[in-house]
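Report on one structure; see the data block that follows.
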Amino acid sequence: MNKYASALLWLVVYLVCYWAVFTLQDNIKASNPSYSQWLENDVPIWLMINFGALFVVMFIVSMIRKAVTKGEYPGFIANAGFNLLTRKQFMILVGIGLFGALWFTSTMYLPFLPTQAANEMQSYVDVFGTAGKFFFTIVGVGLAGAFFEEIFFRGIVMNELKRISPIAVVLIIQALIYGVFQPNTTVTVIATFLGLMYGFIYHKVKSMWSTITIAVSVNILIMSFAEFGLVKQFSTLAPPVLAVISIASLAGMVFLLWTLWKYENSPQVAADKEKLKDIKQSKSYRFYVMVGKVALYIAIYFVVMQPLVYYWYEWFVPNLGALGEFMAVHGEWGLIVNDLIVIPIYAWIIYRYENRNPLKVWNFSPISMNTTAVTFLLSIAMGVWVTSIAKIPYVEDTFPQFEGLFAFLLGPSLVHFLIFLIIHSIYKEVLFRGLIFNALRAAVPLWLAILADAVIYGFLFFQLDPALTLYGGMGTVIFCLLYVWHRSLWTPIVAQIGLFGTYYVTRKIYTTYEIGFNYGFIIAILVSSVIVVVTKYYLFKTRQTSTPTQTSVPVGKNTGQVSV
């Protein structure tokens with residue numbers, strides 16, 4: 001097969017896959033009103049589900065193509081070219097994104113704009129900004145949407161066209177294709193011109209990060225303008241002011257494009273790229289890598305968890321007869337299934353894209369029997385302390401969310417609970433210590449890594465409920481310190497098992513014997529507090545102090561370098 005036929009064939013395959021993923025999702029929504037309603041209320045989640053599915057499909061197609069071409073095709077990620085940007089390139093590209101967001105927001109309210117165009121631009125902002133949490137919008141629209149769109153339309157489609165067409169033709173065709181896949185006519189027109197600019201920039205800079213930087217900037221800024229009321233402020237401006245902002249923003253984009261073109265054709269760009277050879281040792285590089293990793297881990301959490309929860313209760317439970325009845329009663333098995341799906345995904349990412357053993361990255365190192373026993377005693381004391389505090393009448397009345405948290409543990413039988421306890425404890429520690437905390441720890445000081453880990457835990461599990469987030473944050477501090485001190489994920493896993501096992505036992509006792517608050521709880525609080533302090537001191541004194549090996553994740557003293 002000659003290169004023209006080959007390029008066209010693969011181009012058609014990619015476009016059909018893109019269309020099929022979104023069409024399948026639309027068909028599922030059409031046949032499931034409740035599912036459709038859920039996604040319409042959380043459009044960024046819909047985007048993350050679609051692009052997550054598309055990524056998996058593209059990966060499979062890429063593997064097939066590599067096999068067919070006997071390794072000549074490097075894969076769609078490698079083929080896209082993620083070369084680092086120089087500081088000047090980055091600043092210019094962010095500036096283009098800023099001017100683009102200002103142009104879109106100001107032009108939307110120009111009085112001479114056709115009503116349909118104004119409504120469709122407003123609809124774009126409203127629809128893609130619809131989410132239960134603004135954080136979802138940032139991750140789904142600002143990061144995931146921009147990232148995957150650019151990989152597909154520039155990294156895959158444009159590169160395929162470059163194999164068989166002159167660059168001028170390539171720029172036009174890829175821009176038209178990009179426009180066709182947009183949600184309405186007005187956005188199609190805007191996206192087509194935007195596609196021309198993106199294609200030109202990608203061709204000149206030769207880095208996927210170039211257009212991703214602009215797309216992320218545009219999306220986040222437009223959604224932020226809407227979230228914080230700036231879009232409404234624009235609607236109150238006089239037409240001449242809007243026209244000035246629109247024209248100035250367009251002029252700003254043109255000027256920065258010209259600046260970028262001059263820079264790319266100057267000797268300075270070669271000198272600046274030479275400096276990038278040492279950038280992987282810089283703090284800023286480690287910080288951006290950390291942000292990217294944490295965003296990816298959180299995105300995967302939502303992409304798997306949200307659809308699974310929906311299908312568990314909206315499809316499996318009502319349609320699977322006796323099994324559905326079992327699933328309705330044993331919701332803990334939904335979490336177990338989620339854990340068994342997600343852990344291999346995280347492991348595969350570490351193995352495939354970092355070329356490292358995930359068990360070593362997460363530090364599944366053996367721990368001594370003494371450490372295990374003292375950690376287990378610590379966790380039992382923590383569990384007694386928390387459940388005793390929760391029985392205080394003021395706490396019980398003021399913070400009923402704790403009762404809801406503990407009530408979940410009373411449902412499963414002992415066998416089901418033990419299975420849930422072991423698997424979910426491993427899952428939580430892999431996610432929050434092995435992945436998120438390690439990513440944070442490689443870029444920021446220990447105290448900040450622990451604080452950020454606690455906030456992320458509170459967001460993912462408790463939607464930042466103040467009381468529950470404080471409770472989760474206190475546990476996070478202890479689990480992180482155990483991980484740092486003993487450099488093994490087994491230490492916090494043992495603590496998780498002991499803590500939630502204690503919750504289960506104490507709540508069963510309180511419920512079975514109808515035990516209300518009494519002075520015994522005060523004694524339990526005092527005794528457990530002493531045990532927590534003593535066991536933590538022992539675990540600190542017996543911590544590992546030797547320098548970790550190069551294959552380990554830097555969970556001990558921050559050396560300022562990312563382990564490889």
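The values are calculated or read from the model by the stated rules, or taken from the named source; none is laboratory data. Remember, it's a predicted structure, so these values are computed and weren't measured experimentally. Cβ coordinates were reconstructed from backbone atoms using ideal geometry, including for glycine residues, and neighbour counts include every protein chain displayed. In case anyone asks, the SASA skips ligands and DNA or RNA and just uses the protein heavy atoms, side chains included. Shrake-Rupley method; radii C 1.70, N 1.55, O 1.52, S 1.80 Å.
A compact table of results
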{"item": "The stretch 436-530, relative contact order [Cα under 8 Å, separation at least 6], %", "result": "15 percent"}
{"item": "Relative contact order %, the chain, counting alpha carbon pairs below 8 Å whose residues are six or more apart", "result": "15 percent"}
{"item": "Theoretical ellipticity at 222 nm over the chain - DSSP helices of four or more residues, -39500 (n - 2.57) apiece, nearest 500", "result": "-24000 deg cm²/dmol"}
{"item": "Set of lysines with alpha-carbon distance to Lys541 below 29 Å, sequence-local pairs under 8 removed", "result": "Lys360, Lys428, Lys557"}
{"item": "Protection-proxy order for peptides 30-36, 137-143, each taking the mean of Cβ atoms within 10 Å per residue, highest first", "result": "137-143, 30-36"}
{"item": "Probe 1.4 Å, protein heavy atoms only - accessible area per residue of the stretch 130-275 in square angstrom", "result": "43 Å²"}
{"item": "Exposure of Ser210 as accessible area (Å², to 10), given a probe of 1.4 Å and all protein chains", "result": "0 Å²"}
{"item": "Whichever aspartates and glutamates have a C-alpha closer than 20 Å to that of Lys29, once near sequence neighbours (fewer than 8 apart) are set aside", "result": "Glu40, Asp42, Asp126, Glu314"}
{"item": "Residue-level accessible surface for Trp209, protein heavy atoms, 1.4 Å, Å²", "result": "90 Å²"}
{"item": "Protection-proxy order for peptides 339-349, 214-224, 438-448, each taking the mean of Cβ atoms within 10 Å per residue, highest first", "result": "214-224, 438-448, 339-349"}
{"item": "Alpha-carbon centroids, the stretch 45-67 and the stretch 230-264: separation in whole Å", "result": "36 Å"}
{"item": "Burial order of peptide ranges 48-58, 164-174, 504-514, 229-239 (average beta-carbon count within 10 Å, highest first)", "result": "48-58, 164-174, 504-514, 229-239"}
{"item": "Linear extension gain, His416 paired with Leu176, 0.36 nm per residue minus alpha-carbon span", "result": "81.0 nm"}
{"item": "Long-range HN-HN contacts of Leu489 with modeled amide H, under 5 Å", "result": "Phe364, Ser365"}
{"item": "Stretch gain in nm, segment Val127-Thr115, where the contour uses 0.36 nm per residue and the Cα spacing is subtracted", "result": "2.5 nm"}
{"item": "Kirkwood Rh and Cα Rg combined as Rg/Rh, the stretch 300-427", "result": "1.04"}
{"item": "The stretch 1-125: relative contact order in percent, alpha carbon pairs under 8 Å with at least 6 residues between", "result": "13 percent"}
{"item": "Global form of the stretch 208-322, assessed from the alpha-carbon gyration tensor, a/c cut-off 1.5", "result": "oblate"}
{"item": "Rounded percent of accessible protein surface that carbon and sulfur make up, the chain, 1.4 Å probe", "result": "70 percent"}
{"item": "Cα gyration tensor category, rounded, prolate or oblate, for the stretch 95-191 with a/c compared to 1.5", "result": "oblate"}
{"item": "Tensor-based shape of the stretch 359-477 (alpha-carbon gyration tensor, a/c under 1.5 rounded, otherwise prolate or oblate)", "result": "oblate"}
{"item": "Cross-link table Lys162/Lys262; Lys66/Lys88; Lys3/Lys66, entries beyond 27 Å C-alpha to C-alpha", "result": "Lys66/Lys88"}
{"item": "Local net charge near Ser34, Cβ-Cβ under 11 Å (Lys/Arg +1, Asp/Glu -1)", "result": "-1"}
